[in-house]
Amino acid sequence: MSKTATLNFDGNQYELPVVEGSESEQAIDIAKLRGSSGLITIDPGFKNTGSTQSAITFLDGEKGILRYRGYPIEQLAEKSTFLEVAYLLIKGELPTAKELEEYKDSITHHTLVHEDMKQFAEAFPTKAHPMGVLSAMISAMSTFYPESYDPNRDTESVDKTIIRLIAKLPTLAAWAHKNSLGHPIMYPKNKLNYCENFLNMMFAMPTEDYEIDPVVVNALDKLLILHADHEQNCSASAVRLVGSSQSNLYSSISAGVSALWGPLHGGANQAVIEMLEKIKEDGGDVEKWVNKAKDKNDTFRLMGFGHRVYKNFDPRAKIIKKACDDILSKLGVNDPVLDIAKKLEETALKDEYFVARKLYPNVDFYSGIIYRALGIPTEMFTVMFAIGRLPGWIAQWKEMVENKEPIGRPRQVYVGSQERQYPG
Ligand code: CMC
């Protein structure tokens, strides 16, 4: 017998179905509540609202569990590669060796971006934030592939769009960086793997080759895996919502990039490094900044701390903190902000304010320190997050389409003026 929940309201009783997930999560299905009772539910920020039933990522915020398609993030970070994880997220199963080779091959052969797109890239001011450039260029890409507008979403055409997006995003990202320097763009090279290719387009010059360090390549690949999906977060929800109007995949992903940009979401990785730098310049008094974060009259928040769903620890942060020490020592980098980050973490974790609110370092707390050690400029940190998150956004969009989900359209409780007459 399936479970139900009973709602008593105004002397009436309503039986509501309870949906159960594969990890025994339970949710009250209120989809038909308005029809029977006239009531809607309200939950600003969707803090307690499930927007969908999804088979992509499982997350238990209390226990600090994160799994993609059932595989623990710790195992994927240690044993897999970013493109294999992308395949897993998008197609639902790990590829065979042959399937993976074919997948890598098709991505490698779509890394070139249409030459006319260069005019867009070069037209942005050099001061443009690369996230703004990336979002605009992804949206602009749809104009080169009008077949992607088809609301019937033919499988072959969708598959091609997916390959194009994964293949071309690093090219566009590196262009955004080159434009910010006023340097000529570098073209992709088919003999390089995904991360090598990106690093080469970022750092090589027509006048000078870039020496690709395998330590940097492996570290980057691991970071991309850790960012690849995170179920119904702000940007994934944006992608699903935009896509639900039958808008094309390029514009949905562009919306995801815009949502990620904000400092409360992916933009936190840039904000963390800027915060640590500020603390260092201010003399390194960590206590002072922790107190500022606690002060309700001060708008300062400890960036890289706290999470909507993790209330014990963020498993990605645990892996990244360890990787941070390894990578910095392998690269022989001594970054003074790492000491500030560790002191800040130690102080906050002992502080009653942070303990009571279950605020822990999140994925973004240490990732910026690694990106910096890899030579990635601060304004590009959130772009790195976007490259990592792309397969997740695609998987979320594809699931929404395959489940034939209706257009996303929340309701509201109106609290404005009642009807009144226009004067005169
Ligand atoms: N510093 C100080 N206080 C904080 C912080 C923080 N970083 N985060 C939350 N709080 C306090 C907040 O003031 C509130 O206190 P009170 O109950 O007294 O009003 C309480 O903790 C709950 O916070 P909230 O804002 O209601 O929680 P939320 O779930 O709406 O927000 C969050 C989650 C991630 C936006 C928030 O913790 C935050 O702003 N963190 C800093 C930004 C950040 O690091 N974002 C990256 C998130 S992980 C990457 C990603 O996947 O996006």
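Evaluate segment 243-252: report whether one residue or more is more than 16 Å from the ligand (Cβ to nearest atom) and under 14 Å from the mean Cα position of the chain (by Cα). Give the steps one after another, and end with the answer.
Here is the first cut: in segment 243-252, the ones more than 16 Å from the ligand (Cβ to nearest atom) are 243-252.
Keeping just the survivors that are under 14 Å from the mean Cα position of the chain (by Cα) gives 252.
There is at least one residue in segment 243-252 that is more than 16 Å from the ligand (Cβ to nearest atom) and under 14 Å from the mean Cα position of the chain (by Cα).
Considering segment 342-361 alone, what residues qualify as being within 13 Å of the ligand (Cβ to nearest atom), in contact (Cβ under 8 Å) with a residue 40 or more places away in the chain and under 21 Å from ASP282 (Cβ atoms)?
Answer for segment 342-361, where residues must be within 13 Å of the ligand (Cβ to nearest atom), in contact (Cβ under 8 Å) with a residue 40 or more places away in the chain and under 21 Å from ASP282 (Cβ atoms): LEU344, THR347, ALA348, ASP351, TYR353, PHE354, PRO361.
Would you confirm whether any residue within segment 406-413 is within 16 Å of the ligand (Cβ to nearest atom) and aliphatic (A, V, I, L, M)?
First pass over segment 406-413, keeping only residues within 16 Å of the ligand (Cβ to nearest atom): none.
No, because not a single residue in segment 406-413 is within 16 Å of the ligand (Cβ to nearest atom) and aliphatic (A, V, I, L, M).
So if I check each of LYS322, LYS350, which one is modelled with pLDDT under 90 and surrounded by fewer than 14 Cβ atoms within 10 Å (Cβ to Cβ)? Reasoning before the result, please.
Working: LYS350 fails: modelled with pLDDT under 90.
Within the list LYS322, LYS350, the selection yields LYS322.
Which residues, taken from segment 284-311, are more than 14 Å from the ligand (Cβ to nearest atom), open to solvent by less than 70 Å² (accessible area, probe 1.4 Å) and free of Cβ contacts under 8 Å to residues at least 12 places away in the same chain?
Within segment 284-311, none qualify.
With the checklist (1) within 13 Å of the ligand (Cβ to nearest atom); (2) open to solvent by less than 30 Å² (accessible area, probe 1.4 Å); (3) over 23 Å from SER329 (Cα atoms) in hand, flag the one item ILE273 doesn't pass.
Result: ILE273 passes all but (3).
Pull up segment 201-225, narrow it to residues that are in contact (Cβ under 8 Å) with a residue 60 or more places away in the chain and among the charged types (D, E, K, R), then point me to the one that is farthest from LEU83 (Cα to Cα). Walk me through how you get there before you give the answer.
Narrowing segment 201-225 to residues in contact (Cβ under 8 Å) with a residue 60 or more places away in the chain: 202-203, 213, 215-216, 219-225.
Now drop any that are not among the charged types (D, E, K, R), which leaves 213, 221-222.
Working: ASP213: 19, ASP221: 9, LYS222: 11 Å.
The extreme case among them is ASP213.
Which strands (runs of 3 or more DSSP E) sit wholly inside segment 1-110 and have at least 2 residues that are open to solvent by less than 60 Å² (accessible area, probe 1.4 Å) and within 16 Å of the ligand (Cβ to nearest atom)? Break it down into steps so the answer makes sense when it comes.
Details: elements: 4-9, 12-20, 26-28, 57-60, 65-68.
Because the criterion is at least 2 residues that are open to solvent by less than 60 Å² (accessible area, probe 1.4 Å) and within 16 Å of the ligand (Cβ to nearest atom), the strands (runs of 3 or more DSSP E) in segment 1-110 that meet it are 57-60, 65-68.
Any idea which of ASP314, ASP364, ASP326 is within 25 Å of the chain's Cα centre (by Cα) and away from the ligand (no atom under 12 Å from the Cβ)? Step through it out loud before you land on a result.
Details: ASP314 fails: away from the ligand (no atom under 12 Å from the Cβ); ASP364 fails: away from the ligand (no atom under 12 Å from the Cβ).
One residue alone meets the criteria, ASP326.
The values are calculated or read from the model by the stated rules, or taken from the named source; none is laboratory data. Here the structure is a predicted model, which means the values were calculated and not measured. A quick note on method: Cβ atoms are made from the backbone with ideal geometry, for glycine too, and the neighbour counts reach across all protein chains shown. Calculation scope for accessible area: heavy atoms of the full protein, side chains included, ligands and nucleic acids excluded. Shrake-Rupley method; radii C 1.70, N 1.55, O 1.52, S 1.80 Å.
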